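Everything below concerns the one structure shown next.
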Amino acid sequence: MKQLLGYLVRNVILNPIVLVSVAVASGLIGIFLILDTPAYARRLERAEQLRPSSAAALVASAPDREVLLEGRISSRNQASFEDFVAYVHEQYRDEAFDGDHLQAWVEVARATPPLWITLADGDVRIANHDYVFDSTPVTKILAEPTATKGAVQVRGYQVDSPVLVIGHVMPGGAVKAEFLYGGSRADYMADMRAAGSRSLPLGIVFLVVGLVAMATSAYQIRRFLAEIAAERAAEEAVAVATSARPHRKRRSVR
């Protein structure tokens, strides 16, 4: 067991190629997390500044004004797939199933039609169909993974699902939605605070791991080169000693 662990440490964990790969991957993830941290703060500030609008206020509002809606998916919407009025259909891809190195849910189909949102004083129309899902409140597994295919799921919004919308007012009181979030304004702000508080420390941790891996890789490379130089020096010393040794003459046998 000790020999196996020693082999794994020397030839796998401390392999310079493995260490460089870890350093690059960790460094890129760390940089991404650190750069993404201010985005959570901006999204939180945006939600804090926008107060939930009413249906009546939207009708009287000037076009292009940024608004926040907090309500539920109206029963006036027609289901697009089973009980979902807006959804994304995904399949899990994995190296074991697909032969590639992608391990993630991959979008297969999407339906984002115009929607009716029920507010406290009435329904409001989401007029566009190019909004995105920041999060979804309902997820349904359609197929479990098999020996040849990954799992299949659909996630999205059903009638009476909670929804937060940020977008801009259109003429007549309709709204052009930028994104939908499956929850309340308080939930959304709590998520942004939590994500922002995690992003910076995690980014720093990944950067430190990357730097340590890179430093260890450089040390291992220098050590490897030193070992090669020592072996060559030893071989040269043996060669010199051999060439300098006097050769004995053989006696001729008569």
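Please treat every number below as a calculation from the coordinates, not as lab data. Just so it is clear, the structure is predicted and the values come from calculations on it, not from any experiment. Methodologically, a virtual Cβ is constructed for each residue, glycine included, from the backbone with ideal geometry; neighbour enumeration extends over all protein chains shown.
Taking all Cα pairs closer than 8 Å and separated by 6 or more residues, the relative contact order of the chain comes to 27 percent. Counting only DSSP H runs of at least 4 residues, each contributing -39500 (n - 2.57), and dividing by the residue count of the chain, the helix-based mean residue ellipticity at 222 nm comes to -15500 deg cm²/dmol. Each distinct pair of alpha carbons in the stretch 20-66 adds a 1/r term; the inverse of their mean, the Kirkwood radius, is 14.0 Å. Counting Lys and Arg as +1 and Asp and Glu as -1 over every other residue whose Cβ lies under 15 Å from the Cβ of Ala229, the net charge comes to -1. Between 0 and 90 degrees, the angle of helix 185-244 with respect to the longest Cα principal axis of the chain falls at about 10 degrees. A simple spin-label model places pseudo-atoms 7 Å from Cα toward Cβ; at Val18 and Phe32 they are separated by 2.3 nm. Remark: the Arg65-Ala151 segment gains 26.8 nm on full extension, using 0.36 nm per residue and subtracting the alpha carbon distance.
With a 10 Å Cβ neighbour count serving as the proxy for reagent exposure, in which order, fewest first, do Thr216, Thr118 appear? If you can, show how the numbers build up before the last one.
Details: Thr216 17, Thr118 20.
Listing Thr216, Thr118 from fewest to most nearby Cβ atoms yields Thr216, Thr118.
Seen against the Cα atoms of the chain and their longest principal axis, helix 16-49 is set at about 20 degrees. If a spin label sat at a point 7 angstrom from the Cα of Ala186 along the line to its beta carbon, the backbone N atoms of the stretch 151-177 nearer than 19 Å would be those of 161-165.
By counting other Cβ atoms within 10 Å of each Cβ, how are Tyr131, Tyr157 ranked from fewest to most?
Numbers: Tyr131 20, Tyr157 26.
Going from sparsest to densest Cβ surroundings: Tyr131, Tyr157.
Within the stretch 128-254, the proportion of C-alpha pairs whose separation exceeds 17 Å stands at 80%.
How much length is gained if the chain between Glu236 and Ile204 is pulled fully straight, taking 0.36 nm per residue apart and subtracting their Cα-Cα distance, in nm to one decimal? Intermediate results must be reported in sequence, preceding the final value.
On the way: separation 32, 0.36 × 32 = 11.52 nm, distance 4.78 nm.
The span from Glu236 to Ile204 would gain 6.7 nm if fully extended.
Starting from the Cα gyration tensor of the stretch 2-205, take the square roots of the eigenvalues, sort them a ≥ b ≥ c, and report rounded, prolate or oblate (rounded when a/c is under 1.5, otherwise prolate if a/b is larger than b/c, else oblate). Walk me through the intermediate numbers first.
On the way: a/c = 3.38, a/b = 1.76, b/c = 1.92.
Taking the square roots of the gyration eigenvalues as a ≥ b ≥ c, the stretch 2-205 is oblate.
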